[in-house]
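Asker: Encoded as structure tokens, here's the structure I'll be asking about.
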Amino acid sequence: MKNSLKLLVCSVFLTTTVLAQSVISVVDKMKLNSDQKVFIEKLLPAINDIHEKYQKTYEKAEVIIDMSKPSEAQSQWLSKQLCKYDANTNEALLQALKPFPQSITLAQASIESGWGSSRFFREGNNIFGVHAFDSSVPRMKAEDTNHGHTVWVRKYATLDGSIAGYYYFLATKRAFKEFRKLKMKSRQNPFKISTGLFRYSALGDKYSEMINEAIKYHRFNLADSR
């Protein structure tokens, strides 16, 4: 029993070490200054983890949807996912679950948080400026107001929670319906998929251009080939 536990601990340690080395290797090839490098190294492992979770859920949903006679347990699982992601059809669910290039996430993280300098990031672990429309969730006031109404943004306990919240935000909000469709037909091309994020910012199409410029300049697309 002790030997088995020892082997498990060693295996986890080695896996974690390999992943950490892999992240460092990729980030070293990006065009970043020292502070930017620290910022990306802090986020990339969690981004990869959330990306993988969505990929596995997407693959499971795809298999069940393709079945002629899924089991009761499989049907119940699928129903829960449809409810969770506010999807009215199986197609809409797959669009919600399909993960997108990590380079887009890295670009938005750098833009929205000012490389970790924003108040939302420092005080609320909010990397992506995700808004809070529900008063029951942890949130903080934004400095700007919208037509006299206070604008709120989410507060997260951890950076991992912020990344998960961002993924769910893009997977469920009506404003990103086109973005979700583009994920399915663009062969994971970040420069095409990002055009669906024009409603993420008041800048519109210019915002998508900013994302693509950040990907190109900082070589964030290196994270997509891992």
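The values are calculated or read from the model by the stated rules, or taken from the named source; none is laboratory data. Because the structure is predicted, anything quoted here is derived from the model rather than measured. We place every Cβ from the backbone using ideal geometry, glycine too, and count neighbours over all the protein chains shown. The area values use the complete protein model at the heavy-atom level, side chains included, leaving out ligands, DNA and RNA. Shrake-Rupley method; radii C 1.70, N 1.55, O 1.52, S 1.80 Å.
Asker: How about the stretch 107-131: which of its residues are over 16 Å from the mean Cα position of the chain (by Cα) and in a helix (DSSP H, G or I)?
Answerer: The answer is ARG119, PHE120, ARG122, GLU123, GLY124.
Asker: Can you tell me how many residues within the stretch 142-189 are modelled with pLDDT under 95 and touching a Ser or Thr at 6+ places or on another chain (Cβ under 7 Å)?
Answerer: Number satisfying all stated conditions: 1.
Asker: Let me ask another. If PHE133 passes every condition in (1) open to solvent by less than 70 Å² (accessible area, probe 1.4 Å); (2) over 19 Å from LEU43 (Cβ atoms); (3) aromatic (Phe, Trp, Tyr) but one, which one does it miss?
Answerer: Condition not satisfied by PHE133: (1).
Asker: Let me ask something else about it. How about the stretch 80-90: which of its residues are part of a helix (DSSP H, G or I) and open to solvent by 70 Å² or more (accessible area, probe 1.4 Å)?
Answerer: Matches in the stretch 80-90: LYS80, CYS83, LYS84.
Asker: Any chance the stretch 48-58 includes a residue that's within 28 Å of ILE24 (Cβ to Cβ), not in a helix (DSSP H, G or I) and not charged (D, E, K, R)?
Answerer: no
Asker: Which residue pairs have Cβ atoms closer than 9 Å, lie 6 or more positions apart in sequence or on different chains, and pair a first residue in the stretch 202-214 that is under 13 Å from GLY129 (Cβ atoms) with a second residue that is basic (Lys, Arg)?
Answerer: Pairs that qualify, where the first residue is under 13 Å from GLY129 (Cβ atoms) and the partner is basic (Lys, Arg), are TYR207/ARG199.
Asker: Tell me which residues, restricted to the stretch 91-106, are assigned to a helix (DSSP H, G or I) and either open to solvent by 10 Å² or more (accessible area, probe 1.4 Å) or in contact with a Lys or Arg (Cβ under 8 Å, 6 or more places away or on another chain) (or both).
Answerer: Hits for the stretch 91-106 are GLU91, ALA92, LEU94, GLN95, ALA96, GLN102.
Asker: Here's something else I'd like to know. Being touching a strand residue (DSSP E or B) at 6+ places or on another chain (Cβ under 7 Å) and touching a residue at least 12 places away in the same chain (Cβ under 8 Å) is the filter here; which residues of the stretch 142-164 pass it?
Answerer: ALA142, VAL151, TRP152, VAL153, ARG154, LYS155
Asker: Here's another thing I want to ask about it. Looking at the stretch 121-130, which of its residues are touching a residue at least 24 places away in the same chain (Cβ under 8 Å) and open to solvent by less than 50 Å² (accessible area, probe 1.4 Å)? It would help to see each step written out before you state the result.
Answerer: In the first step, residues of the stretch 121-130 are kept if they are touching a residue at least 24 places away in the same chain (Cβ under 8 Å); the result is 123-130.
Within the stretch 121-130, GLY124, ASN125, ASN126, ILE127, PHE128, GLY129, VAL130 meet the criteria.
Asker: Moving on. How many residues, within the stretch 173-190, are open to solvent by 30 Å² or more (accessible area, probe 1.4 Å), assigned to a helix (DSSP H, G or I) and either out of contact with any Gly (no Cβ under 7 Å at 6 or more places or on another chain) or touching a residue at least 40 places away in the same chain (Cβ under 8 Å) (or both)?
Answerer: 6
Asker: Scan the stretch 196-222 residue by residue and report those that are among the hydroxyl-bearing types (Ser, Thr, Tyr) and either under 16 Å from the mean Cα position of the chain (by Cα) or surrounded by 21 or more Cβ atoms within 10 Å (Cβ to Cβ) (or both). Spell out how you get there, then give the answer.
Answerer: Taking the stretch 196-222 first, the residues among the hydroxyl-bearing types (Ser, Thr, Tyr) are 200-201, 207-208, 217.
Passing the criteria: TYR200, SER208.
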